[in-house]
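Written below as structure tokens is the structure these notes are about.
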Amino acid sequence: MSTFPQNPFGSEINADDVIATMQQMRGWEDRYRQVIQWGKKLPVMPEAFKSEQVTVSGCESQVWLVSEQVDNTWFFCADSDARIVRGLIALVMAAFNGKSSEQIQQFDVDGYFEQLGLIAHLSPSRGNGLKAIVEQIKQLAA
């Protein structure tokens, strides 16, 4: 059994739910607010987990990512000191948490973010940071 929440939101929400919700939003501002709301629902990472070894490099904000594999299923706990980044982490967790290594490697993350309509509105450093988080998850699950 994982020591992390099975689902980072405390309820069932997955990549398909995120896409469906985001595609109902009218504009960038509504999407941005929704991402921040999901970030608020993301469990706060215990301070004991936050160390230099689990810091994601390539992010402008502080981002910590810890993982655990239980029976070929990956569980992640991640946090950031920036509200919007916490929301972006929530989107990543919806896609990858509770998945097998194979599912993580096969997930079309570029297509996912394209369907969310977010990348074009993120600063280059935020976009790079988001890619760094995804890359680290994929490396862990390789």
Take the residues in the range 85-115 that are within 17 Å of MET22 (Cβ to Cβ) and in contact (Cβ under 8 Å) with a residue 60 or more places away in the chain; name whichever of them is surrounded by the most Cβ atoms within 10 Å (Cβ to Cβ). MET93
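Results for (1) touching a strand residue (DSSP E or B) at 6+ places or on another chain (Cβ under 9 Å); (2) in a loop (DSSP other than H, G, I, E, B), shown as yes or no for each residue.
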site	(1), (2)
ILE13	no, yes
ASP17	no, no
SER61	yes, yes
SER67	yes, no
ASP110	no, no
ALA120	no, no
Identify, please: which residue in the range 122-142 is closer than 20 Å to VAL70 by Cα and outside any helix (DSSP H, G or I) and is, among those, modelled with the lowest pLDDT? ALA142
Looking at the range 124-142 only, could you name the residues that are of a type in the set (S, T, N, Q) and in contact (Cβ under 8 Å) with a residue 12 or more places away in the chain? SER125, ASN128, GLN136
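Yes/no matrix, rows are residues, columns are (1) of a type outside the set (Ser, Thr, Tyr); (2) more than 19 Å from GLN136 (Cβ to Cβ); (3) at pLDDT below 90; (4) not in a helix (DSSP H, G or I):
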| residue | (1), (2), (3), (4) |
| --- | --- |
| ALA20 | yes, yes, no, no |
| GLN34 | yes, yes, no, no |
| SER57 | no, no, yes, yes |
| ALA78 | yes, no, no, yes |
| ILE89 | yes, no, no, no |
| ALA94 | yes, no, no, no |
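The values are calculated or read from the model by the stated rules, or taken from the named source; none is laboratory data. All of these numbers come straight from a predicted model, not from anything done at the bench. Cβ sites come from the backbone with ideal geometry, for glycine too, and all protein chains shown count toward neighbours.
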